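See structure below.
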Amino acid sequence: NAGVTQTPKFQVLKTGQSMTLQCAQDMNHEYMSWYRQDPGMGLRLIHYSVGAGITDQGEVPNGYNVSRSTTEDFPLRLLSAAPSQTSVYFCASSEQSLHGELFFGEGSRLTVL
Amino acid sequence: QQQVKQSPQSLIVQKGGISIINCAYENTAFDYFPWYQQFPGKGPALLIAIRPDVSEKKEGRFTISFNKSAKQFSLHIMDSQPGDSATYFCAASKAAGNKLTFGGGTRVLVKP
(Lines give C-alpha, C1' and ligand atoms only; values in the text may rest on other atoms or scores of the structure.)
Protein backbone atom coordinates (compact mmCIF):
# COMPACT_ATOMS: atom_id res chain seq x y z
CA ASN A 1 0.00 0.00 0.00
CA ALA A 2 1.85 3.08 -1.30
CA GLY A 3 -0.24 5.81 0.39
CA VAL A 4 1.08 9.25 -0.58
CA THR A 5 4.07 9.28 -2.93
CA GLN A 6 6.20 12.36 -3.56
CA THR A 7 8.88 12.86 -6.19
CA PRO A 8 11.62 13.90 -6.31
CA LYS A 9 12.96 13.43 -2.77
CA PHE A 10 15.77 15.92 -3.33
CA GLN A 11 16.21 18.77 -5.82
CA VAL A 12 18.65 21.63 -6.26
CA LEU A 13 17.58 24.58 -8.40
CA LYS A 14 19.12 27.85 -9.43
CA THR A 15 17.25 31.09 -8.82
CA GLY A 16 14.70 31.67 -11.58
CA GLN A 17 14.36 28.06 -12.64
CA SER A 18 10.99 26.35 -12.62
CA MET A 19 10.07 22.86 -11.52
CA THR A 20 7.19 20.66 -10.48
CA LEU A 21 6.94 18.57 -7.33
CA GLN A 22 4.79 15.52 -7.94
CA CYS A 23 2.31 14.04 -5.47
CA ALA A 24 0.15 10.98 -5.97
CA GLN A 25 -2.13 9.10 -3.58
CA ASP A 26 -3.80 5.73 -4.03
CA MET A 27 -6.37 5.96 -1.22
CA ASN A 28 -9.10 7.67 -3.28
CA HIS A 29 -8.95 10.68 -0.96
CA GLU A 30 -10.80 13.77 -2.08
CA TYR A 31 -8.79 16.23 -0.01
CA MET A 32 -5.13 16.93 -0.86
CA SER A 33 -2.79 19.64 0.32
CA TRP A 34 0.77 20.93 0.17
CA TYR A 35 2.72 22.15 3.19
CA ARG A 36 6.21 23.54 3.55
CA GLN A 37 8.27 22.83 6.65
CA ASP A 38 10.84 25.33 7.89
CA PRO A 39 12.75 25.27 11.21
CA GLY A 40 10.74 26.87 13.99
CA MET A 41 7.83 27.59 11.66
CA GLY A 42 6.16 24.22 11.74
CA LEU A 43 4.20 23.25 8.66
CA ARG A 44 2.52 25.99 6.68
CA LEU A 45 -0.26 25.34 4.19
CA ILE A 46 0.54 26.40 0.61
CA HIS A 47 -2.44 25.19 -1.44
CA TYR A 48 -5.17 22.62 -1.02
CA SER A 49 -7.85 20.87 -3.04
CA VAL A 50 -11.19 19.40 -1.99
CA GLY A 51 -11.62 17.43 -5.20
CA ALA A 52 -10.70 17.18 -8.87
CA GLY A 53 -10.93 20.56 -10.56
CA ILE A 54 -11.09 22.50 -7.27
CA THR A 55 -8.11 24.22 -5.67
CA ASP A 56 -7.68 27.04 -3.17
CA GLN A 57 -4.92 29.02 -1.52
CA GLY A 58 -3.55 28.33 1.91
CA GLU A 59 -1.44 30.46 4.21
CA VAL A 60 1.65 30.93 1.97
CA PRO A 61 0.58 30.55 -1.69
CA ASN A 62 2.79 33.16 -3.38
CA GLY A 63 5.23 31.72 -5.90
CA TYR A 64 3.40 28.40 -6.20
CA ASN A 65 0.73 27.03 -8.52
CA VAL A 66 -1.31 23.85 -8.29
CA SER A 67 -3.82 21.95 -10.36
CA ARG A 68 -6.02 18.92 -9.70
CA SER A 69 -7.01 17.19 -12.91
CA THR A 70 -7.49 13.77 -11.27
CA THR A 71 -8.35 12.53 -7.79
CA GLU A 72 -4.95 10.84 -7.50
CA ASP A 73 -2.52 13.62 -8.47
CA PHE A 74 -1.82 17.06 -7.04
CA PRO A 75 1.38 18.60 -8.47
CA LEU A 76 2.97 21.74 -7.03
CA ARG A 77 4.67 24.09 -9.50
CA LEU A 78 7.36 26.64 -8.72
CA LEU A 79 7.28 29.11 -11.61
CA SER A 80 10.48 31.04 -10.82
CA ALA A 81 12.35 29.62 -7.87
CA ALA A 82 13.73 31.94 -5.19
CA PRO A 83 16.12 31.18 -2.29
CA SER A 84 13.20 31.83 0.10
CA GLN A 85 11.57 28.70 -1.30
CA THR A 86 14.34 26.50 0.04
CA SER A 87 12.39 24.15 2.28
CA VAL A 88 11.04 20.66 2.78
CA TYR A 89 7.71 20.19 1.04
CA PHE A 90 5.06 17.73 2.18
CA CYS A 91 2.00 16.57 0.34
CA ALA A 92 -0.90 15.22 2.39
CA SER A 93 -4.28 13.69 1.69
CA SER A 94 -7.37 12.79 3.66
CA GLU A 95 -10.95 11.75 3.28
CA GLN A 96 -13.23 14.70 2.72
CA SER A 97 -14.86 14.43 6.10
CA LEU A 98 -14.94 16.68 9.13
CA HIS A 99 -11.44 16.68 10.57
CA GLY A 100 -10.16 13.72 8.59
CA GLU A 101 -6.73 12.35 9.47
CA LEU A 102 -4.02 13.74 7.20
CA PHE A 103 -1.71 11.18 5.57
CA PHE A 104 1.63 12.70 4.60
CA GLY A 105 4.19 11.74 2.02
CA GLU A 106 7.86 11.47 2.97
CA GLY A 107 8.71 14.94 1.75
CA SER A 108 10.71 16.65 -1.00
CA ARG A 109 13.77 18.62 0.06
CA LEU A 110 14.30 21.61 -2.25
CA THR A 111 17.36 23.87 -2.25
CA VAL A 112 17.35 27.04 -4.33
CA LEU A 113 20.78 28.57 -4.90
CA GLN B 1 1.72 35.73 13.18
CA GLN B 2 1.42 32.12 14.26
CA GLN B 3 -2.09 31.18 15.23
CA VAL B 4 -0.82 28.18 17.18
CA LYS B 5 2.22 28.73 19.41
CA GLN B 6 4.16 25.70 20.62
CA SER B 7 6.78 25.39 23.34
CA PRO B 8 9.46 24.37 24.01
CA GLN B 9 11.30 24.15 20.69
CA SER B 10 13.37 21.26 22.00
CA LEU B 11 13.30 18.94 24.96
CA ILE B 12 15.70 16.40 26.42
CA VAL B 13 14.32 13.83 28.85
CA GLN B 14 15.73 10.72 30.46
CA LYS B 15 14.25 7.31 29.71
CA GLY B 16 11.25 6.77 31.95
CA GLY B 17 10.66 10.48 32.46
CA ILE B 18 7.72 12.65 31.41
CA SER B 19 7.82 14.83 28.31
CA ILE B 20 5.48 17.82 28.31
CA ILE B 21 4.78 19.99 25.27
CA ASN B 22 2.48 22.99 25.41
CA CYS B 23 0.44 24.79 22.77
CA ALA B 24 -1.66 27.93 22.83
CA TYR B 25 -4.10 29.17 20.22
CA GLU B 26 -5.87 32.42 19.46
CA ASN B 27 -8.78 31.53 17.21
CA THR B 28 -11.83 30.48 19.25
CA ALA B 29 -13.31 28.94 16.10
CA PHE B 30 -10.81 26.07 16.34
CA ASP B 31 -12.58 22.94 17.47
CA TYR B 32 -10.22 20.09 16.67
CA PHE B 33 -6.72 19.71 18.12
CA PRO B 34 -4.52 16.87 16.84
CA TRP B 35 -0.89 16.06 17.57
CA TYR B 36 1.38 14.73 14.87
CA GLN B 37 4.64 12.83 15.34
CA GLN B 38 7.47 13.04 12.83
CA PHE B 39 10.58 10.86 12.67
CA PRO B 40 13.67 12.04 10.75
CA GLY B 41 13.26 11.68 7.00
CA LYS B 42 9.56 10.87 7.27
CA GLY B 43 6.32 12.75 7.00
CA PRO B 44 4.27 13.59 10.09
CA ALA B 45 1.73 11.01 11.27
CA LEU B 46 -1.32 11.46 13.48
CA LEU B 47 -0.59 10.52 17.10
CA ILE B 48 -3.66 11.58 19.07
CA ALA B 49 -6.41 14.21 18.81
CA ILE B 50 -8.95 15.92 21.06
CA ARG B 51 -12.09 18.01 20.70
CA PRO B 52 -12.96 20.83 23.14
CA ASP B 53 -15.90 18.97 24.69
CA VAL B 54 -13.45 16.90 26.77
CA SER B 55 -10.63 18.07 29.02
CA GLU B 56 -8.36 15.05 28.65
CA LYS B 57 -7.76 12.15 26.31
CA LYS B 58 -5.38 9.27 26.90
CA GLU B 59 -4.02 6.71 24.47
CA GLY B 60 -1.41 4.45 25.98
CA ARG B 61 1.48 6.58 27.26
CA PHE B 62 0.24 9.69 25.44
CA THR B 63 -2.22 12.12 27.04
CA ILE B 64 -3.69 15.38 25.75
CA SER B 65 -4.89 17.90 28.33
CA PHE B 66 -7.17 20.67 27.09
CA ASN B 67 -8.05 23.97 28.78
CA LYS B 68 -10.70 25.74 26.73
CA SER B 69 -10.90 28.88 28.86
CA ALA B 70 -7.13 29.41 28.66
CA LYS B 71 -7.03 28.38 24.99
CA GLN B 72 -4.22 25.97 25.74
CA PHE B 73 -3.59 22.28 25.25
CA SER B 74 -0.65 20.04 26.01
CA LEU B 75 0.82 16.64 25.23
CA HIS B 76 2.23 14.49 28.00
CA ILE B 77 4.39 11.49 27.15
CA MET B 78 4.59 9.24 30.18
CA ASP B 79 7.46 6.77 30.73
CA SER B 80 9.31 8.28 27.76
CA GLN B 81 11.28 5.79 25.66
CA PRO B 82 14.18 6.32 23.21
CA GLY B 83 11.78 5.30 20.42
CA ASP B 84 9.70 8.39 21.27
CA SER B 85 12.56 10.62 20.06
CA ALA B 86 10.93 12.61 17.28
CA THR B 87 9.52 16.01 16.43
CA TYR B 88 6.01 16.65 17.69
CA PHE B 89 3.59 19.15 16.18
CA CYS B 90 0.39 20.40 17.70
CA ALA B 91 -2.27 21.62 15.30
CA ALA B 92 -5.76 23.05 15.19
CA SER B 93 -8.58 23.34 12.71
CA LYS B 94 -12.04 24.83 12.38
CA ALA B 95 -15.26 22.95 11.90
CA ALA B 96 -15.21 23.63 8.17
CA GLY B 97 -12.84 20.87 7.17
CA ASN B 98 -9.34 19.49 7.02
CA LYS B 99 -7.16 22.63 6.90
CA LEU B 100 -4.76 22.27 9.79
CA THR B 101 -2.78 25.12 11.33
CA PHE B 102 0.39 23.73 12.88
CA GLY B 103 2.53 24.88 15.75
CA GLY B 104 6.27 25.36 15.29
CA GLY B 105 7.21 21.86 16.47
CA THR B 106 9.13 20.41 19.41
CA ARG B 107 12.12 18.16 18.95
CA VAL B 108 12.13 15.56 21.73
CA LEU B 109 15.23 13.53 22.56
CA VAL B 110 14.87 10.69 25.04
CA LYS B 111 18.22 9.63 26.48
CA PRO B 112 18.66 5.98 27.46
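Whenever a residue of segment A:21-39 is under 16 Å from A:GLY3 (Cβ atoms), its partners that are among the aliphatic types (A, V, I, L, M) and surrounded by fewer than 19 Cβ atoms within 10 Å (Cβ to Cβ), lying with C-beta atoms within less than 7 angstrom and at least six residues away or across chains, give the pairs A:ASP26/A:ALA2; A:GLU30/A:VAL50; A:TYR31/A:VAL50.
One line per residue, one yes/no per condition, for (1) modelled with pLDDT of 95 or more; (2) surrounded by fewer than 18 Cβ atoms within 10 Å (Cβ to Cβ):
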{"site": "B:GLN2", "(1), (2)": "no, yes"}
{"site": "B:GLY16", "(1), (2)": "yes, yes"}
{"site": "B:TRP35", "(1), (2)": "yes, no"}
{"site": "B:PRO44", "(1), (2)": "yes, no"}
{"site": "B:PRO52", "(1), (2)": "no, yes"}
{"site": "B:GLN81", "(1), (2)": "yes, yes"}
{"site": "B:ALA86", "(1), (2)": "yes, no"}
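Contact map, segment B:29-51: first residue more than 8 Å from chain A (Cβ to nearest Cβ) and over 16 Å from B:ASN67 (Cβ atoms), second residue of a type in the set (D, E, K, R) and in a strand (DSSP E or B), Cβ cut-off under 6 Å, separation 6 or more or different chains; pairs are B:ALA29/B:LYS94; B:ILE48/B:GLU59. When A:MET32 is tested against the conditions (1) more than 11 Å from chain B (Cβ to nearest Cβ); (2) of a type in the set (A, V, I, L, M); (3) within 19 Å of B:PRO34 (Cβ to Cβ), the lone failure is (1).
Strands (runs of 3 or more DSSP E) fully within chain A that include at least 1 residues being within 26 Å of B:GLN6 (Cα to Cα) and touching a helix residue (DSSP H, G or I) at 6+ places or on another chain (Cβ under 7 Å): A:108-112. If you go through segment A:58-69 and keep only what is charged (D, E, K, R) and away from every other protein chain (no Cβ under 13 Å), you end up with just A:ARG68.
Which one is nearest to the other protein chains (Cβ to nearest Cβ), of the residues in segment A:70-113 that are of a type in the set (S, T, N, Q) and over 28 Å from B:ASP31 (Cα atoms)? Steps first, answer last, please.
As a first pass, look at segment A:70-113 and keep what is of a type in the set (S, T, N, Q): A:70-71, A:80, A:84-87, A:93-94, A:96-97, A:108, A:111.
Checking the rest, the ones that are also over 28 Å from B:ASP31 (Cα atoms) come to A:70, A:80, A:84-87, A:108, A:111.
On the way: A:THR70: 19, A:SER80: 27, A:SER84: 18, A:GLN85: 19, A:THR86: 18, A:SER87: 14, A:SER108: 10, A:THR111: 16 Å.
So, considering only residues that are of a type in the set (S, T, N, Q) and over 28 Å from B:ASP31 (Cα atoms), the one nearest to the other protein chains (Cβ to nearest Cβ) is A:SER108.
Sort out which residues of segment B:1-24 are in a strand (DSSP E or B) and either among the acidic types (Asp, Glu) or more than 20 Å from A:ASP38 (Cα to Cα) (or both), and write them in order of number. It would help to see each step written out before you state the result.
Of segment B:1-24, the ones in a strand (DSSP E or B) are B:4-7, B:10-14, B:19-24.
Across segment B:1-24, the qualifying residues are B:ILE12, B:VAL13, B:GLN14, B:SER19, B:ILE20.
Looking at segment A:61-72, is at least one residue within 19 Å of A:SER108 (Cα to Cα), in contact with a Lys or Arg (Cβ under 6 Å, 6 or more places away or on another chain) and surrounded by fewer than 19 Cβ atoms within 10 Å (Cβ to Cβ)? Yes, segment A:61-72 contains at least one residue that is within 19 Å of A:SER108 (Cα to Cα), in contact with a Lys or Arg (Cβ under 6 Å, 6 or more places away or on another chain) and surrounded by fewer than 19 Cβ atoms within 10 Å (Cβ to Cβ).
I'd like to check something: does segment A:81-103 contain any residue that is surrounded by 14 or more Cβ atoms within 10 Å (Cβ to Cβ), within 12 Å of the chain's Cα centre (by Cα) and free of Cβ contacts under 8 Å to residues at least 60 places away in the same chain? Yes.
If a residue must be in a strand (DSSP E or B) and either away from chain A (no Cβ under 14 Å) or surrounded by 18 or more Cβ atoms within 10 Å (Cβ to Cβ) (or both), how many such residues does segment B:88-112 contain? Don't jump to the end; show me each part of the working.
Filtering segment B:88-112 for residues in a strand (DSSP E or B) gives B:88-94, B:101-102, B:106-111.
Those left that are additionally either away from chain A (no Cβ under 14 Å) or surrounded by 18 or more Cβ atoms within 10 Å (Cβ to Cβ) (or both): B:88-93, B:101-102, B:106, B:108-111.
Result for segment B:88-112: 13.
The values are calculated or read from the model by the stated rules, or taken from the named source; none is laboratory data. Being a predicted model, the structure only gives us computed values, none of them experimental. Virtual Cβ from ideal backbone geometry, glycine too; neighbours counted across all protein chains shown.
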